[in-house]
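Below is one structure; the comments refer to it alone.
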Amino acid sequence: MAKNIRTLVAIAALPFAFGAGMAQASNAETCSLEVGYVKDAIVAGKFLGGTADANRTNMLAKVDAASAKLALNKPSDAIDILVAVAAKATELADAPKPKLESATDINNAATVAIACVGASQ
């Protein structure tokens, strides 16, 4: 009797297990467009000074890392990275000798991506 109940519970749980797996797999896909907008904003941003290319490359690498975390179903890690990207953009724009003309577009795109990832958890 107990074996039959365990079997029944296991069978009943299968749709939930597969449903959760499919939802998790689609989280990265669901927010890939929003994360892509962060990359677009970085590419379009006007970086200044001798470290302009390095700053842009480093920020793009962070966004790629956030995408990788989403693909691994680690949305909290992806959010942390996107927050760091926004903070870096603000830091570069607000520096005494600015390294980024404006952080607004990057920060707006990051905010949208963070909201998407947060909603998909």
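Every number in this text was worked out from the coordinates using simple rules, so none of it is lab data. Predicted model only: the values in this text are computed from it and were never measured. Cβ sites come from the backbone with ideal geometry, for glycine too, and all protein chains shown count toward neighbours.
General observations
- You can think of it this way: the chain between Asn73 and Ala54 has 4.0 nm of extra reach, that is 0.36 nm per residue less the Cα-Cα gap.
- The stretch between Ala119 and Val83, if pulled fully straight at 0.36 nm per residue, gains 11.4 nm over its current Cα-Cα span.
- Placing pseudo-labels 7 Å out from each Cα toward the beta carbon at Asn108 and Leu33 gives an inter-label distance of 1.8 nm.
- The mean of 1/r over all distinct Cα pairs in segment 24-118, once inverted, gives the Kirkwood hydrodynamic radius of 13.0 Å.
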